[in-house]
1. Could you say which residue among ILE310, ILE213 is buried (at least 24 other Cβ atoms within 10 Å of the Cβ) and either over 25 Å from the mean Cα position of the chain (by Cα) or not in a loop (DSSP other than H, G, I, E, B) (or both)?
2. Quick check on the range 616-662: of everything there that is more than 47 Å from the chain's Cα centre (by Cα) and in a loop (DSSP other than H, G, I, E, B), which residue is surrounded by the fewest Cβ atoms within 10 Å (Cβ to Cβ)?
3. Give me the pairs: first residue in the range 648-660 and touching a residue at least 12 places away in the same chain (Cβ under 8 Å), second residue assigned to a loop (DSSP other than H, G, I, E, B) and not hydroxyl-bearing (Ser, Thr, Tyr), beta-carbon distance under 7 Å, and six or more apart or on different chains, which are they?
4. Would it be correct to say that LYS241 is assigned to a loop (DSSP other than H, G, I, E, B), in contact with a helix residue (DSSP H, G or I) (Cβ under 8 Å, 6 or more places away or on another chain) and open to solvent by 30 Å² or more (accessible area, probe 1.4 Å)?
5. Within the range 317-326, can you find the residues that are surrounded by fewer than 23 Cβ atoms within 10 Å (Cβ to Cβ) and in contact with a strand residue (DSSP E or B) (Cβ under 6 Å, 6 or more places away or on another chain)?
6. Being assigned to a loop (DSSP other than H, G, I, E, B), at positive phi and of a type in the set (D, E, K, R) narrows it down to one residue among GLU434, GLU402; which is it?
7. List the pairs whose first member sits in the range 774-799 and is within 13 Å of VAL609 (Cα to Cα), whose second member is among the polar types (S, T, N, Q) and surrounded by fewer than 17 Cβ atoms within 10 Å (Cβ to Cβ), and whose Cβ atoms are under 9 Å apart, counting only residues at least 6 apart or on separate chains?
8. Would you point out the residue of the range 52-75, among those that are among the basic types (Lys, Arg) and in a helix (DSSP H, G or I), that is farthest from LYS111 (Cα to Cα)?
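The values are calculated or read from the model by the stated rules, or taken from the named source; none is laboratory data. If you're wondering where the values come from, they're calculated on a predicted model, not measured in any experiment. Note that we place each Cβ from the backbone using ideal geometry, even for glycine, and neighbour counts take in every protein chain shown. Side chains are part of the model used for accessible areas, which takes the heavy atoms of the whole protein and leaves out ligands, DNA and RNA. Shrake-Rupley method; radii C 1.70, N 1.55, O 1.52, S 1.80 Å.
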Amino acid sequence: MKILKFGGSSIGSAEKIKNVIEIISQSKKKNQHIAVIVSAFGNTTDELIKISKMAEKGDTSYKKELAQLESKHIDIVKAFIKNKQQDDVIEVFNSTKVELDNVLNGVFLIKELSPKTLDFIMSFGERFSAYIISEILKVQGINSEYLDARNLIKTDDNFGSAKVHIDTTYNNIKKYFESHNHLQIITGFIGSSLNEETTTLGRGGGDYTASIIGSALDAKEIEIWTDVDGFMTADPKKVRKSFSIDSMTYEEAMEMSHFGAKVMHPPTMRPAAEKDIPICIRNTFNPEFKGTVISKEAFPQLPVSGISSIDDIALIRVQGSGMIGIVGISRRLFKCLSKENINIILISQASSEHSICFAVDPHSANKSKKVIEKEFSYEIWNHQVDEVIIERNLSIIAVVGENMRKTPGIAGRLFQALGRNGINVIAIAQGSSERNISVVISKKDGSKALNAIHESFFLSDTKTLNLFIVGTGLIGSTLLRQIKEQSEFLSKERALEINTIAVANIKKMFFGENGIELNKWKERLNSSKESMNLNEYMKRMKELNLPKSVFVDCTASDEVVSYYDDILSSNISIVTPNKRANSASYARYQRLKEKAFKHNVRFLYETNVGAGLPVLSTLSNLLDSGDEILRIETVLSGTLNFIFSSVNKNKKFSEAVFEAKKLGLSEPDPREDLSGLDVERKLLILAREIGLPLEFDDISVESILPEECHKAKSIDDFFIELQKFDDMFELRRLGAEKKNKALRYVGIIENKKAWVSLQEIDDKHPFYSLTGSDNMIVFTTKRYKDSPLVIKGPGAGIEVTAAGVFADIIRIFHN
């Protein structure tokens, strides 16, 4: 005997029922002895509850809702059954419907809806669906009978969640099946009391029905057909990379179900486990997939089988100095809650016995507080117990696995995953079986925590970074192209997946919560209906609350920089070529570094100083290894180096500046480069990186340009003015040339001071041979005193700068 149970999502429409009929037909061919349990069609149970409450309130529109529900059932009949058979089925359906009409009219008239009445009303969902499906199967040539489970499953009168009288029920089932050989289509979810009153087995009770019947008949297997590929490693709606679990033990499945995995009703496992009957979770819409097998033993098995969650709980905290060492506190606490039928989801107690906290459904929180304060009124009055505290908007994440107890480091891995993503743990619970570790966290962090934990346990070989990019100009667009071109290599060779979640420019922004296809980002952004709004962008980024989030600022905007504090405080790393944050006040520079450290995120800005050159990382390595910086000499402007190395007797200074602009080596307004402001910012950042608390005004800067050039109203006017001073620059070049020297714009840090000036460099100095847009940094340290450490390479250019930003992003992956 095999038991097949189909959930409401599997039979929600005529098209879906076709799949079910095919599955039943194929299963009957393979195994002649099967029985089928069905839930109500689609959302019928929810609709019946809604209609009942409308009737209770005296809302006459309940009749319209009921008519629509009845029409849905009739439409399914008409889709499969024709001619006189159709009329006969509809006639039986209508006669049953009269019962429902009458009881709802009674609720409407007396405006009262008892649990007993609601159970009776809800029973019609399964009674309708099981009868209709049995008749459809007859039309398909399969001998089937409609079986109302109320005739077999006997319960107490705890309406809404009745307890089954197992022995009586098992005897009824055995006797019935001994005399009925046709395929039985059985109502799930419902039973009846010893007084023949309709009861329900609790939401999800259809699975329980299948397990009870399977156990009574010593079935070979119980198949639960639903709309997912079995138990998943995590909720696929929250964790995109979750996948199905091949096999689980009964205990693991029970733990997963208890903590929010809605694949199966938790009591389902008990009858099957007692008879060692495997339960197979299958997908009605993917019947070829083998699904998840739940049995006594599961092979092969990872230490952690899955991650489950309860989205919304309240935490009740009872504490006080009068609790320490006092016998009976816990007994009194949980006894008073039990008397009021308050279900406790999780318990945690400190070893000091100073406090006990436990989780309950949020709707029970206020009641719990009143009950506890009444029980401990004397202790509260006497200040031995404090006022009971309720913490709301919390979630529970549970890591479940049979082999957890045999694997050291599971807890460490769990808390490391949470800590690295800035998720605070409010309470912890672990049973002595070590099959489950549960943590209470803020509800807003639920999805982030699930993804972070899932990646840690199931995708340890693959890491994901989620990027939020502002600025899609030359650097930003080049960065996106580089990520696209390198993504396959990073995935295969480095086990790194980079998801670009959002892009924005000065006009528009676009969010793709599951990642933006990088070959379409321009189209997505250009067609976006969302205007760029930095406040809204930051709000959305924080609300998404994704693990390993990285904000990439590819602008030169002070406004964007003003959000850095808040971004880091939200546990989001920052990567940027924007120098404005680190060259502002020293206090701000320090604050950003401290925020990153406090919130365990990265603030990386390698490109602030040398574009794609490893200047800051090299400097950090020197300092971390105990070296002492004596002197730093720099040529930090690729633009200025290009200009001064290009000027000769055949090329005037103004011509070299114009060429730099044309090649894209300078800022749109070359005065920004020629003013020395950019070099000053870079030198200031370098000085701060070696611990000098310098401010912008502490750096002495020699301006290259005459005042007239600075005052020019436009760029064209600037070049006209610049040409007037070509002779002046030529004289200075010739003066250096006669001494066999070259002009270089040099920044120096020494003796806790920093300055920038145009210097004449002799042929013995490394700067002398610099050409093009190369930068050079010379570190003279205690270890590199006789032969200074030299870093040389392109100091300007879109490709190298974007590559430097890309390298910083990958550096976060290695953190």
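1. The conditions single out ILE213.
2. ASN650
3. PHE653/VAL647; ALA656/VAL647; VAL657/PRO670; ALA660/PRO670
4. Against the criterion (assigned to a loop (DSSP other than H, G, I, E, B), in contact with a helix residue (DSSP H, G or I) (Cβ under 8 Å, 6 or more places away or on another chain) and open to solvent by 30 Å² or more (accessible area, probe 1.4 Å)), LYS241 qualifies.
5. ARG317, GLN319
6. GLU434
7. Listed by first residue and then by second, the contacts come to ILE777/THR618; ILE791/THR618.
8. The residue in question is LYS72.
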